[in-house]
Amino acid sequence: ALGVTWIRDQEDTANTFIAAGTTGLIYKSTAGLRSMGLGAATGLFLAGVYTLVTDNDNIWSKTRY
C-alpha cells in the first residue's frame, strides 16, 4: 500500500483495496487470466474483511445521517 499511497498522494481505504487487487493479479499472473481474476477477487475480499474489522468506526460514521 506504500507505493499506492505515494502514487495517489493520499492515505485512505481505497489504497488498501487497490494494493490487494493488484497483489492478487501479480501473484497469479503466471497461471492465466482466470486465475488472475480469482487472485484479484480473493485479495479484494480479504481487504474488505480487513477494512471492516480495523476501520469500523470510520466506515460507519460516513453512513449515518
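The values are calculated or read from the model by the stated rules, or taken from the named source; none is laboratory data. From a predicted model like this one, the values you see are computed outputs, not experimental measurements. For neighbour counting, all protein chains shown are included, and Cβ atoms are generated from backbone atoms with ideal geometry for every residue, glycine included.
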For region 1-54, what are the residues that are among the β-branched types (Val, Ile, Thr) and surrounded by 11 or more Cβ atoms within 10 Å (Cβ to Cβ)? Val4, Thr5, Thr13, Thr16, Ile18, Thr22, Thr23, Ile26, Thr42, Thr51, Thr54
Need pairs with beta-carbon distance below 9 Å; first residue on the phi < 0 side of the Ramachandran plot and within region 42-53, second outside any helix (DSSP H, G or I); sequence gap 6+ or separate chains. Thr42/Lys28
Where Glu11 falls short, out of the listed (1) assigned to a helix (DSSP H, G or I); (2) at pLDDT below 90: (1)
When every residue in region 31-53 that is touching a helix residue (DSSP H, G or I) at 6+ places or on another chain (Cβ under 9 Å) and β-branched (Val, Ile, Thr) is compared, the one modelled with the lowest pLDDT is Thr51
